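First comes the structure, then the notes that go with it.
What follows draws every value from the coordinates through simple rules; no lab data is involved. This structure is a prediction, so every number in the text was calculated from the model and none was measured. Don't worry about glycine lacking a Cβ; one is built from the backbone with ideal geometry, like all the others, and counts go over all protein chains shown.
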Amino acid sequence: MTDISGTMLAERLLEMERERLVTKKIYGAVPPKVEYRLTASARELEAMLKELGKWHVRWKSSQIVTTTQYRVSVPGPPVQPV
């Protein structure tokens with residue numbers, strides 16, 4: 001794994017542990033060894049995210065949408081595209 005500091009990695013793993021997405025096992029070895037494993041809920045989430053990624057690949061090139069393609073009627077002055 002690259003492009004992430006040790007501090008950032010530790011923070012993200014702690015967040016994931018708090019959200020019960022990973023479990024942490026600490027071994028009494030020298031040097032210290034820590035092992036993280038995905039929980040059942042994280043494995044289920046992983047499957048859903050993979051499917052979402054497949055959906056994105058299928059639709060990203062065929063559904064090019066810009067903000068100016070849709071007009072919405074709302075009270076007040078017209079909104080200009082950015």
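A few notes on this one:
- Taking amide hydrogens as placed 1.01 Å from N in the peptide plane, the amide H of Val22 sits under 5 Å from those of Glu17, Thr39, each at least 5 positions away in sequence or on another chain.
- This ranking places Val22, Val34 by how few other beta-carbon atoms lie within 10 Å of each, fewest first, which gives Val34, Val22.
- Spin-label model, Ala42/Ala29: points 7 Å from Cα along the beta carbon direction are separated by 1.9 nm.
- Exposure proxy ranking, count of Cβ atoms within 10 Å, fewest first, for Tyr27, Tyr36: Tyr27, Tyr36
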